[in-house]
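Take a look at the structure set out below.
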Amino acid sequence: MSNPLSVRPTAPARVVFDTFRSATDPMLTSWLAFRARILPTAAPPPIRSADGAPGAGVYGVWRLLATNNRELARGTALHASPDHAWADAEHLRERAADLSTTTLRGDLSTRHGWALRLDGVPVLMCSRWYESPSEAAAAARAARMHLGRAAITRVVNIGTRSGRRYRQTREPMDLRG
């Protein structure tokens, strides 16, 4: 007979990938605007696709999701391709224990956020505002813990010209050589 108070192991969080077809994609605009509020002193990410052309092409970002699909965190970089986003997520998952937390205050007294940094560079940020600095700090610690054991998917959510999104399975590429 099992102990009803025993804790069952939970499924790991997942890292998922989104793409944007151009610099004018409304979801990219929203992502960039939130990033600018969380990281106001950080330079905006360069908008260049893998072929080097500014503005055109497919870009990649990644997000950390809980098992119930609630977004826990977002990567801070806009990648030149989904493959570059995969490489970044895998690298940061391996280095999760090395990430340090920075909490910040938003434009209102009840808006607090966080960023995780690697060697002083913000690499992961909150996906929403929190009411207190302690709540933001706790969410950052949880995101770091979940990232360290997250399952990285090989599916990309691709935006279409109509604004809809569909999933495409892709084979991984080794970009870290």
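With free of Cβ contacts under 8 Å to residues at least 40 places away in the same chain and touching a Leu at 6+ places or on another chain (Cβ under 6 Å) as the only criterion, which of Leu108, Leu118 stands out?
Of the residues listed, the single one that is free of Cβ contacts under 8 Å to residues at least 40 places away in the same chain and touching a Leu at 6+ places or on another chain (Cβ under 6 Å) is Leu118.
Mind checking whether some residue in the range 43-62 is modelled with pLDDT of 80 or more, touching a Lys or Arg at 6+ places or on another chain (Cβ under 6 Å) and of a type outside the set (Val, Ile, Thr)?
no
Go through Leu65, Leu118, Leu78 for me and flag whichever is open to solvent by less than 40 Å² (accessible area, probe 1.4 Å), within 17 Å of the chain's Cα centre (by Cα) and at pLDDT 95 or above.
Leu118
The values are calculated or read from the model by the stated rules, or taken from the named source; none is laboratory data. All values derive from a computational prediction rather than experimental measurement. Counting neighbours? That spans all protein chains shown, and the Cβs are built from the backbone with ideal geometry, glycine included. Remember, those area values only see protein heavy atoms, side chains included, never the ligands or the DNA or RNA. Shrake-Rupley method; radii C 1.70, N 1.55, O 1.52, S 1.80 Å.
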